[in-house]
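For reference, the structure discussed in these notes is given below.
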Amino acid sequence: MSRLVAALRLTGVGFFVGGSIALGVFAGLWLDNKFGTEPILVIVGLIFGLVVAFYGVYQMLLPLLHSKRDEENS
């Protein structure tokens, strides 16, 4: 895998992490305003966004790690 492809993949990972966390927080804010449960759903949304971000990063970087391992074994 070329360096450019790896750099673009890592950039995409960064946007995915930021988007997942932001979406979770904003959804929590919206639900808190709708139901009047001020800090609870923001925290739940933040935790959900972090879990989704962690899992997504793992799934996105797994092929990159496998290709690096294959290059070292060859």
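The values are calculated or read from the model by the stated rules, or taken from the named source; none is laboratory data. If you're wondering where the values come from, they're calculated on a predicted model, not measured in any experiment. As a convention, Cβ positions derive from the backbone with ideal geometry for all residues, glycine included, and neighbour counts pool all protein chains shown.
From the list 50, 62, the lone residue that is without any contact (Cβ under 8 Å) to a residue 24 or more places away in the chain and not charged (D, E, K, R) is 62. Pairs linking a residue in the stretch 1-22 that is over 25 Å from residue 45 (Cβ atoms) and basic (Lys, Arg) to a residue that is surrounded by 11 or more Cβ atoms within 10 Å (Cβ to Cβ) and at pLDDT below 85, with Cβ atoms under 9 Å and 6 or more positions apart or on different chains, are 9/1; 9/61; 9/63; 9/64. Restricting attention to the stretch 24-39, does a residue exist that is part of a helix (DSSP H, G or I), surrounded by 10 or more Cβ atoms within 10 Å (Cβ to Cβ) and among the basic types (Lys, Arg)? No: the stretch 24-39 contains no residue that is part of a helix (DSSP H, G or I), surrounded by 10 or more Cβ atoms within 10 Å (Cβ to Cβ) and among the basic types (Lys, Arg). Taking the stretch 1-20, which residues are surrounded by fewer than 16 Cβ atoms within 10 Å (Cβ to Cβ) and either in contact with a strand residue (DSSP E or B) (Cβ under 7 Å, 6 or more places away or on another chain) or modelled with pLDDT of 95 or more (or both)? 15, 18, 19, listed by residue number. Can you find a residue in the stretch 21-34 that is of a type outside the set (Phe, Trp, Tyr) and at pLDDT below 90? Within the stretch 21-34, none of the residues are of a type outside the set (Phe, Trp, Tyr) and at pLDDT below 90.
So which residues in the stretch 35-47 are at pLDDT below 95 and either β-branched (Val, Ile, Thr) or closer than 22 Å to residue 60 by Cα (or both)? The one that is at pLDDT below 95 and either β-branched (Val, Ile, Thr) or closer than 22 Å to residue 60 by Cα (or both): 37.
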